[in-house]
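The values are calculated or read from the model by the stated rules, or taken from the named source; none is laboratory data. It should be emphasised that the depicted structure is a prediction, and the values quoted were computed from it without experimental measurement. Note: ideal-geometry Cβ built from the backbone for every residue, glycine included; neighbour counts use all protein chains shown. Surface areas here come from the heavy atoms of the whole protein model, side chains and all, with no ligands, DNA or RNA. Shrake-Rupley method; radii C 1.70, N 1.55, O 1.52, S 1.80 Å.
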Amino acid sequence: MLNYLLRRFVLIIAMAFIISFASFTLLYSAPGGPLEQLASLQSTTRRPDPDEIERIMKRYDLDLDIGIRFLRWLIGHPRGAITINGQDIAPTFQIGCLKPGKAQLVYPDGRIEEINCAKPVYLRDLNGRPVSNGVVALDFGRSQQLAREQPVSNLINTRLGHTLLLMGVSTFLAIAIAIPIGVYSAVKQYSRFDYFFTTIAFFGSGMPTLFTGVMGILLFALIFKGLGLPYLPAGLAESNRDVTIPIFGLIRAGSVADRIWHLILPVSVLTFFSLAGWTRFIRSSMLEVLRQDYVRTARAKGLIERVVIMKHALRNALIPFVTLLAGVLPTLFGGAIITESVFSWPGIGKLFINSLTASDYPVAIAYLLISTFLTLVGFLLSDVLYTIVDPRIRMT
Amino acid sequence: MTSTTANLPATGAGLALRKSEGQWAIVLRRFRRHRLAMISLFVLLVIFIASLLAPVLAPFARDATGLAPRFSPPLTTNPQTGTLHFLGTDHVGRDFFTRLLYAARITLSVAFAVATASTLLGMTLGALAGYFRGIVDSIVMRVLEFMASIPDFPILLIIASILITDPKLLPYPPVLLQLVGGLMLLNPVGIEREQVLTMIVVLTLFGWTGSARLMRGMVLSVRERDFIESARSLGASNTRIILRHVVPNAFPPLVVAYTLSLAGALTAETALSFLGVGITDPTPTWGNMLQFATNFMLTNPWVPLIPGIPVVLCSLGFNFIGDGLRDALDPRLKM
């Protein structure tokens, strides 16, 4: 068991490393970013200022080789010339290039070397250059575009609560509604109830949240408001100022009522969407269990139907349920990118899409890395939980 | 696999209760009983034909601006040409109906291209992995495991956002560009064709895993059967065995998976274009039309309905057809 866990954990670390390196390389070789923005800003008014370009390149480590840059991002090193006993080790070790072009290096002994860099960057040049503590110390660096110079972790922290609230409530609601519907549908298979809810669930999963979200805003925020009915807000997580809505009266900005009021529409959209999957899962799992011999045995020994269903069938039907929890963990953090965008919900998913459109790469990579890590941990967790709830399964 | 035996002619013995039907006749008969699937098929056919006839039906040029005041309500007459704006005009005065037709053509073509390419890719890789086992299988399985354990939507967004901002990054053969451009009536000047092609490539990269897994499982279950062995003993080549004996057996679940992946590709493209990392204006897609629509919905509430309704009709339609096909193709579900 311990052996297994250790092996899985090493695998997770390796996987996170691969993903982070791949995405780091990908994002930093992509167009956009601070340099391009500067160029487009300046090209309209004047020629790009070389000093300004160099300053920006130094600021964002754009002059360094990708490997060195990745190391500085990952562990916060190297930070300058490596000193042992007051002696610099390899101070002129070239780690990047500030300005491409041809140059000649003249050594004191008269040797001349041709290099493909007009302004090489050496290890010692890193002395005093600001650097993060590295991702391993949970320091994701600073935002480049969205909130200039703010630590990425600050950006994430301020939005995490909103996402956890939205995802937590909607996931809980979806499961809480899905279990009774799924169980009843399975017990009364092919009944009118079963058909009705299977069809409803099918509609829910077939309609993109994009559509249900926009239509929800249209109906409950715009049309209801126009008709003088108690309407719902079109977006955001809380009001800027006090609002009076028909029937319910005054809602103070920032109060609990205000937050709940803002939560209703996005939560409904997400719940409606994910309800289908959960219901279908519980229904099929329940149908499978109801066919088992031990359920027949339970009936045969004269147990009342309620006990058979709730104790003998449902408990066993919920065993595969824990595997689905693996998928829940990353979404709790990552949020629903589309729903958050539709409702301008100030959560992590919206932050991620904003960071992508603004080419704010440190934020995007932080999001990706945390999601990957949580996805992998979720898989591990569900495997472990599986052995706990189902003793027939053993880990090797 | 009772449905495959139905293919055989009913030889004597008086076993056939009715006139023997082919496998596809049975499937068709069963499919027709699925009412929602039939309605979906009809609706989708209408949308599909309308998109094929886009240049004929469209009353205006695709990107013609300034014809009428912006956000003219539906059924406004154009002050210059006297033509009717069936669905009104958008935020820069372009005809909504025209753009909707062209967008249907682009969105549906992308969905079909992605579903076809990813199913073919997945089928090939899955069949190779399942049939030859060994190193091919382990490579494909590692890749599948890797794809399953990464958060795919964020990565899809990242890759799309990088490639879409500069679609010329990928070297596309001119033939492919012309094919895509001609099919979707894209503007050959600028980056329209590259952008749409990039979208297809990116979505295909993330879409093949399902059919690969399905195909591999089917091949694994079929390859040890007696009829494969007899085919081999008769001297059939590997290619022939895979194409003539393995693939037809895996066909029913693949058809269902294909239909559902049409819905998946359609919603994915719509979502990416909506989020601004997909196909961008002026190339019309339902996704980017919806994005603009939501920006102006406070003052023009009817606007999001115009691209929204076709999106949901198609998404639901493909899902229902897939469901109907699943019922029709599954021999265990005797009706």
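In this structure, is A:Leu332 open to solvent by less than 60 Å² (accessible area, probe 1.4 Å) and within 14 Å of chain B (Cβ to nearest Cβ)?
On the way: open to solvent by less than 60 Å² (accessible area, probe 1.4 Å): yes; within 14 Å of chain B (Cβ to nearest Cβ): yes.
For A:Leu332, the condition - open to solvent by less than 60 Å² (accessible area, probe 1.4 Å) and within 14 Å of chain B (Cβ to nearest Cβ) - is met.
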Among the candidates A:Thr375, A:Thr323, residue that is within 18 Å of A:Ile12 (Cα to Cα), in contact with a helix residue (DSSP H, G or I) (Cβ under 6 Å, 6 or more places away or on another chain) and either outside any helix (DSSP H, G or I) or more than 9 Å from chain B (Cβ to nearest Cβ) (or both): A:Thr323
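Residue-wise test of (1) under 30 Å from B:Phe292 (Cα atoms); (2) at pLDDT 90 or above.
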residue: A:Met310; (1), (2): no, no
residue: A:Ser344; (1), (2): yes, yes
residue: A:Gly349; (1), (2): yes, yes
residue: A:Phe352; (1), (2): yes, yes
residue: A:Ser359; (1), (2): yes, no
residue: A:Ile365; (1), (2): yes, no
Close pairs from region A:249-261: first under 7 Å from A:Glu238 (Cβ atoms), partner open to solvent by less than 40 Å² (accessible area, probe 1.4 Å) and assigned to a loop (DSSP other than H, G, I, E, B), Cβ under 8 Å, at least 6 apart: A:Ala253/A:Ser239; A:Gly254/A:Ser239; A:Asp258/A:Ser239; A:Arg259/A:Ala237
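Keeping to region B:66-117, report how many residues are among the basic types (Lys, Arg) and either without any contact (Cβ under 8 Å) to a residue 40 or more places away in the chain or touching a strand residue (DSSP E or B) at 6+ places or on another chain (Cβ under 6 Å) (or both).
Keep residues of region B:66-117 that are among the basic types (Lys, Arg), which gives B:70, B:94, B:99, B:105.
Filter again for either without any contact (Cβ under 8 Å) to a residue 40 or more places away in the chain or touching a strand residue (DSSP E or B) at 6+ places or on another chain (Cβ under 6 Å) (or both), leaving B:70, B:94.
Total satisfying the criteria: 2.
Going by what's in this entry, would B:Val256 be described as over 20 Å from the mean Cα position of the chain (by Cα), β-branched (Val, Ile, Thr) and within 29 Å of B:Ala129 (Cα to Cα)?
Numbers: over 20 Å from the mean Cα position of the chain (by Cα): no; β-branched (Val, Ile, Thr): yes; within 29 Å of B:Ala129 (Cα to Cα): yes.
Answer is no for this residue.
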Evaluation of A:Val307 against (1) within 14 Å of chain B (Cβ to nearest Cβ); (2) out of contact with any strand residue (DSSP E or B) (no Cβ under 7 Å at 6 or more places or on another chain); (3) part of a helix (DSSP H, G or I) (one fails), failing number: (1)
Residue ID - most open to solvent (accessible area, probe 1.4 Å), chosen from residues in region A:218-275 that are within 26 Å of A:Thr199 (Cβ to Cβ) and of a type in the set (S, T, N, Q): A:Ser268
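Those residues that are exposed (fewer than 15 other Cβ atoms within 10 Å of the Cβ) and in a helix (DSSP H, G or I), I need them from region B:233-250; list them, please. Step through it out loud before you land on a result.
First, the residues of region B:233-250 that are exposed (fewer than 15 other Cβ atoms within 10 Å of the Cβ): B:233-235, B:237-240, B:243-244, B:248.
If the condition is that a residue be exposed (fewer than 15 other Cβ atoms within 10 Å of the Cβ) and in a helix (DSSP H, G or I), then B:Ser233, B:Asn238, B:Thr239, B:Arg240, B:Leu243, B:Arg244, B:Pro248 are the ones that fit.
Of the residues B:Leu144, B:Leu163, only one is over 20 Å from B:Gly278 (Cβ atoms) and more than 7 Å from chain A (Cβ to nearest Cβ); which? Steps first, answer last, please.
Details: B:Leu163 fails: over 20 Å from B:Gly278 (Cβ atoms).
After applying the criteria, what remains is B:Leu144.
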Criterion violated by B:Leu170 - all others in (1) open to solvent by less than 40 Å² (accessible area, probe 1.4 Å); (2) within 14 Å of chain A (Cβ to nearest Cβ) satisfied: (1)
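Counting residues that are free of Cβ contacts under 8 Å to residues at least 40 places away in the same chain, over 24 Å from A:Met15 (Cβ atoms) and not β-branched (Val, Ile, Thr), which helices (runs of 4 or more DSSP H) fully inside region B:124-210 reach at least 3?
Correct list: B:174-184, B:192-207.
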